[in-house]
Each structure stands twice: as structure tokens, then as C-alpha cells.
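Below is one structure; the comments refer to it alone.
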Amino acid sequence: MTSESALPHPTVRQLLEVPRFRLRLVAGQDGLDRPVRWAHSTELPDPGPYLRGHEVVLTVGASLRDAGACAAFVDSVKAGRASAIGYGVGDVTDAVPEELRDACDRVGLPLLEVPPEVPFLGFTEWFAERLASAGDERHEREETGRLLRMVRDGLASAEALRPRIDDAGLDHASLLVIAMDGAAEDELPGVLGVDDDRALLVTNDAHAWSEPAGVGSPGPLEHLPVSLAESLTALDTARRTGGVVHAADLATFQALLGRLEQHQLAPFVEQIARPLSDYDAAHGTRLTDTLRTFLDMGGAVGATSRALFLHPNTLRHRLSRIESLTGRDPMRFDDRVALAIAVWAGR
């Protein structure tokens, strides 16, 4: 269930841009980036104890008769962690009191002039509408995420997403899925779903809006389950390596190893990489570097000898030593794969 604290709050700067309020900033320029959660109207001289934080406190100044009252009011609002004061002109005074402006500038609290024709009730209605709209949007994203999960698990056809894809104006011939961390609140071009701690975006654009991210391969609507599975696998890899991982990056030896857990790689390190590195440290040899070059050269003795400026017999002697220490023959393909994994994991 979505809580109020999980929803994004507008800043004072954004509140100034809402057309229906026609607000004017008269003091406290430095506080414009504070978030505003709600509106609270009061004529109490000390409203701080009744504030929860991040409100715009609305007043017509009935109790603000002198500089001392203005200063005390501003200090109380500041102590209550409110984000701004809105002063309604036209009821008590025709302009915002200069003493109130000075007090707000002193503590860096934004002071907004509210026109006479704008009722304070309009602020609470606007915040309530915004919360309801954000709640509806979050619910829609959760429902889309649930549907994508069903498509991934084979419990629903990708056709079930067609109405959402049509509403988003996407090209059905080139759909792909991007799985991201922390992008659920952004305005993203496509169909956005929330699944656990992931944001899943069905789109035509392979650009990821946050990192880490996994990008599936593009294709028609019926390809979407494949793209979805690829994006989730790629996201898991991206969480380990950072950045953005594309579907094409998954079909590599390094990508396969990158998806293994440490405990799965540990036997290769303990049985192969560590004996070689310990031997090198004890005898001043370079068996690990020799093996790495041999693997890079595809197991070719001649090419490796030239790269290391070694006689082929010297290289064969080193390879024999590697076999005796690890029990794996570098000349055999299966053993060479195990040696490659150990070299990669040992880094």
C-alpha cells in the first residue's frame, strides 16, 4: 500500500508555478527548493506545535500586528519545520507586512503573497487532488508490474499488454524492456510497471534513465517475454558490475561468469588460482601471467611463445608445472575452461 511519504512532493519553487494560485515570492529566496507536503491555515501566533513539517502555512495576519509578533510567528513556523508561509492580502492588510518580510529573510523561509481571490481551501484541495492522482498512478504501475510478472512466468500472454502499449503510442514492431533500479517516479516514455524493487519499462527506446539497468533485445509484441527475461538477467549483472548491461552483453564468457555467486567461484580460486599465485610468490615465477597469455592466445603454443619471448620448450615446461600444481592440463579444452574461470575469478 502506498504511503503519503512515498509520494513525491512539489517544491516551493514548483508551487509558485501553479497557475491557479498566482503566487508571488516576496521574501526567503534561499528556501525555494524545500518540499511542500500540505497546506495549513492558521491565525495562531505560535503555530509550531501544530505543524508536522513541510507545510505551507497560510495566514491573513490577524495576529501579526507588530515586528515582534511577526518575528515570533516566523520563528515558530521555522521550528515546526514548515517549508513556506503564504500571506493572504486583502483581509487584514492590502500588502504583505514589511516586518514579516524581514523576519522571513532573516531565517531563509520563503514568504508567498496570496491574491485576495484565491481561497486558502483551494490549497488543501489541490494537495488532496495531487495525492489522489499520484496514488492512482502508483496503483496503475503496480498493476502493470503484476501483469509483466505474469508474462515473464508464462501465466499471461504478451497480448494482455496491448491496450497499455497502444495508449502509450509505442511501435509494436520494435518493443523492448528496460529493468532499472529507482526509476519508478520518473516520467518515462513507455509503459512503466513496478515489480518489487525494480522498475520495468516497455518502450521503443533502448536508453536507460537510471543505473544500474538491464536492456532487453527489441522485437515485436510476441518477443516481449524474451526481452523481459533478458532485461531482468541483465539488471542482475548490472547490479554487480554497475552501469547498463544490454542483452547482447549476456552471451559472453565474462557475462556468464559475472552472474555466478562468490561461493560458486570459490573452488576455482582455491584449487587453481591460489596454488599458482602462492607458487609464484614463493619462487619468483610467472606461472599465472603465463597462463593468462596462453589463454588469451587461444591455447596456441607458438603465438604464446612469441608474445612472451620464450622458447616453446620453456613454455611447455611452465605449462607442465601449471598442470602439476592444479591437476588441469592447459592443452585440454575442458581443463582450459576451468583454468580460464580460475584466472578470471582470481583477479
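The values are calculated or read from the model by the stated rules, or taken from the named source; none is laboratory data. Keep in mind that what you see is a predicted model, and the values were worked out from it rather than measured. Quick reminder, even Gly has a Cβ in these numbers, built from the backbone with ideal geometry, and neighbours come from all protein chains shown. Heavy atoms of the whole protein, side chains included, go into the accessibility calculation; ligands, DNA and RNA do not. Shrake-Rupley method; radii C 1.70, N 1.55, O 1.52, S 1.80 Å.
How much length is gained on full extension from ARG316 to ASP166, taking 0.36 nm per residue of separation minus their Cα-Cα distance?
Taking 0.36 nm per residue and subtracting the Cα distance, the gain is 47.6 nm.
Starting from one equal scatterer on each C-alpha and no solvent at all, send me the Debye-based log10 I(q)/I(0) for region 19-116 at q = 0.21 Å⁻¹, two decimals.
The computed values of log10 I(q)/I(0) come out as -1.01.
Given a 1.4 Å probe and every protein chain left where it sits, what share in percent of the accessible area of region 206-325 is carbon and sulfur?
54
With a cut-off of 8 Å between alpha carbons and a minimum separation of six or more residues, what is the relative contact order of the chain in percent?
10
Which value in deg cm²/dmol, rounded to the nearest 500, describes the helix-derived mean residue ellipticity at 222 nm for the chain, given -39,500 (n - 2.57) per DSSP H run of n ≥ 4 and division by the residue count?
Theoretical 222 nm ellipticity from helices: -13500 deg cm²/dmol.
Could you state the principal axis extents of the C-alpha atoms in region 134-246, from the largest down, to the nearest angstrom?
Projected onto the principal axes, the Cα atoms of region 134-246 cover 35, 32, 25 Å.
Could you run the Karplus curve 6.51 cos²θ - 1.76 cosθ + 1.60 with θ = phi - 60° over region 96-113 and give me ³J(HN,Hα) per residue in whole Hz, x for Gly and Pro?
Karplus-based 3J(HN,Hα) across region 96-113 equals 5, x, 4, 5, 6, 4, 4, 5, 5, 5, 4, 9, x, 9, x, 10, 10, 8 Hz.
Could you do me a favour and compute the accessible area per residue for the chain, 1.4 Å probe, result in Å²?
50
If you take the Cα atoms of region 250-347, find Rg, then find the Kirkwood Rh from the mean of 1/r over all pairs, what is Rg/Rh?
My calculation puts Rg/Rh at 0.97.
Report, as a whole number in µm² per second, the diffusion coefficient that Stokes-Einstein gives for the chain at 10 °C and 1.306 mPa s using the Kirkwood radius over alpha carbon pairs.
It comes out at roughly 62 µm²/s.
If ASP105, ASP94 are ordered by their accessible area, calculated over protein heavy atoms with a 1.4 Å probe, which sequence runs from highest to lowest?
Highest to lowest solvent-accessible surface, that is ASP94, ASP105.
Quickly rank 238-247, 112-121, 305-314 as a protection proxy: mean count of other C-beta atoms within 10 Å, highest first.
Highest-to-lowest ranking by the protection proxy: 238-247, 112-121, 305-314.
Could you compute how much accessible surface TYR50 exposes when probed at 1.4 Å, giving the result in Å² to the nearest 10?
Result for TYR50: roughly 150 Å² accessible.
Divide the volume of the convex hull of the Cα atoms of region 179-298 by its number of residues and quote the answer in cubic angstrom per residue.
Hull volume normalised by residue count: 138 Å³.
With a 1.4 Å probe and every protein chain left in place, tell me how much accessible area MET331 has, in Å² to the nearest 10.
Rounded to the nearest 10, that gives 100 Å².
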